[in-house]
1. Against the condition in a loop (DSSP other than H, G, I, E, B), under 15 Å from I99 (Cβ atoms), in the same structural domain as S112 (by TED's automatic domain parsing) and modelled with pLDDT of 80 or more, how does V46 come out, does it pass?
2. Out of (1) under 60 Å from the mean Cα position of the chain (by Cα); (2) at pLDDT 80 or above, the odd one out for I290 is which?
3. I'd like the residue in region 63-91 that is assigned to a strand (DSSP E or B), of a type in the set (V, I, T) and without any contact (Cβ under 8 Å) to a residue 40 or more places away in the chain and, out of all such residues, is surrounded by the fewest Cβ atoms within 10 Å (Cβ to Cβ).
4. Out of (1) under 16 Å from V110 (Cβ atoms); (2) crowded, with 16+ Cβ neighbours inside 10 Å; (3) modelled with pLDDT of 90 or more, what's the single condition that is false for N94?
5. Just for region 119-149: of the residues that are surrounded by 12 or more Cβ atoms within 10 Å (Cβ to Cβ) and assigned to a loop (DSSP other than H, G, I, E, B), which one is modelled with the lowest pLDDT?
6. Test L225 against the criterion of being surrounded by 10 or more Cβ atoms within 10 Å (Cβ to Cβ), out of contact with any helix residue (DSSP H, G or I) (no Cβ under 9 Å at 6 or more places or on another chain), at pLDDT 85 or above and not basic (K, R), and give yes or no.
7. Evaluate the following for A238: is it at pLDDT below 75 and under 60 Å from the mean Cα position of the chain (by Cα)?
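The values are calculated or read from the model by the stated rules, or taken from the named source; none is laboratory data. Remember, it's a predicted structure, so these values are computed and weren't measured experimentally. Methodologically, a virtual Cβ is constructed for each residue, glycine included, from the backbone with ideal geometry; neighbour enumeration extends over all protein chains shown.
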Amino acid sequence: MKISNEFKIGVMAVVAVAGLIIGFNWLKGSSLFQHSKKIYAIFDNVEGMEVSNQVLINGLSIGSVAAINEADKDLARGIIVTISLKKDVHIPKNSVGVINSGLISSASIVISKGDAPEFLADGDTLLTKQKSNLLSQVQASVNPVILKLGGTLQSLDSLIQAVGAMFDPRLKNNFSAIAANLAASTAQIQILLNAQTGALAQSLRNVNTFTANLAKNNDHITHTLENVEKTTSNLATAKIPETVESLQSTVNELKGVIGKMNSNNGSLGLLLNDKKLYQNLESTSRSLNILLDDVRVHPKRYVNISVFGRKDKSGPLMAPVDSVKPANK
């Protein structure tokens, strides 16, 4: 049987239309050959939501948005979103769905699982909660900052105007002089910090020399410190309190002897303090000297051993020989 060209064209047209329908539904996330469970969600605002957008639980895509329809003409009861589930998962009845809108990615419905023992069946309605999108959150956060920034700029403008009014030509000249002084000061500081000739470099070299000398004489310093330690140890072990106590006792006894010497009690005290006793002793000593000189000058008067000698009839001495004047010849 010969097939006409018109029949072939008709079959190809039918196949093309069927492929177009199947592809369109596939792009929307629905399948013509598989019956999927549908649940519904009602939102007050579905901004960014489109048909075929994903529905997620814990990051897993379990379905897509099949349709978006108004609940009534006034939208008083919200907007109904039909969700086509492509995976057979258990969704507790107290689960909550929110629209998650991103700046780059398309909006999606994110379901937070509840803990109810009953699960949503085909045709049930999912609980929803309205969540502001990221752009609205950013705008709500940026608006107060922009307002504060505007006020700050106005205050800064007023401050600049006030400062500009204060800067008369003389004050500007003063700032020029201050800048020149700062430049001169930095030049002096640069000279001071010069690594070769600066005073700071010279001081550092002196410090290095001093520390080097300390390092060279480290043994001597250690020996000196050891001697000091030995001396302090000997002083610590010396019987200084006993010595001081003995010295104090000796001083007290010396004070007693000096006190007795200053008083009229005792021979030494009388000798030192009694003038009459001193004069008697001086007179006795003088008489003794006279007697001794008389014995020496006139021995025959006291001892006569000569048989034929004559008796010395001169008078006795009345003063010591040293004090007698010689006779004129």
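1. Numbers: in a loop (DSSP other than H, G, I, E, B): yes; under 15 Å from I99 (Cβ atoms): yes; in the same structural domain as S112 (by TED's automatic domain parsing): yes; modelled with pLDDT of 80 or more: yes.
Yes; evaluated as a whole, the condition is true for this residue.
2. (1)
3. Going residue by residue through region 63-91, those that are assigned to a strand (DSSP E or B) are 63-70, 79-85.
When the remaining residues are screened for being of a type in the set (V, I, T), the result is 65, 68, 79-83.
When the remaining residues are screened for being without any contact (Cβ under 8 Å) to a residue 40 or more places away in the chain, the result is 68, 79.
Details: I68: 15, I79: 17.
Only one residue tops the list, namely I68.
4. So the condition that N94 fails would be (2).
5. N133
6. Numbers: surrounded by 10 or more Cβ atoms within 10 Å (Cβ to Cβ): yes; out of contact with any helix residue (DSSP H, G or I) (no Cβ under 9 Å at 6 or more places or on another chain): yes; at pLDDT 85 or above: yes; not basic (K, R): yes.
So L225 passes the test.
7. Details: at pLDDT below 75: yes; under 60 Å from the mean Cα position of the chain (by Cα): yes.
Yes: the conditions hold for A238.
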